[in-house]
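Worksheet: the structure to be examined is printed underneath.
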Amino acid sequence: MLRSWCVAVLLAVVAWSDTAAQATRITILFDAFGKQSDLKKDWGYAALVEHHGQRILFDTGNDSELLRHNVEVLGVDLRNLDLVVISHRHGDHTDGLRYLLSINPHVRVFAPDDEYFGGPTPRIFFDNAVDSLPPHMRYF
């Protein structure tokens, strides 16, 4: 679903380089699942993309305090970013901007011009549980 789309965009950012595997690092800063127990999890997404010396923050997660906590646990410094890309204007991808702009008020932020919100999340999204996934990879 949306998380897959976010990962696809991140991969497209680095796919143009044949040395991407050697020179690129993607650090997940905010997500709803994962094994690392010292990171706080919540609905939303944020990742730091480091590619050939460029540092790009992709989305900022659902909660400024959780983003702050996770970047501190990971030892990531968001004061030195080249730019921020917001995939779309939903709170679970933008609320961490409060923390980010408090420590890096002049960073360039790119966001979609406009987006149609078609109403609440369709019920089928919640009814499509994949039982074969281990618990740490399930949203619900």
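If only the Cβ of Lys and Arg carry +1 and only the Cβ of Asp and Glu carry -1, the dipole of the range 29-110 around its Cα centre is close to 140 debye.
Each Lys or Arg adds one and each Asp or Glu takes one away; over the other residues whose Cβ falls under 9 Å from the Cβ of V107, this sums to +1.
No lab work stands behind these numbers, since they all come straight from the coordinates. Please read all numbers here as calculations on a predicted model, not as lab measurements. Cβ sites come from the backbone with ideal geometry, for glycine too, and all protein chains shown count toward neighbours.
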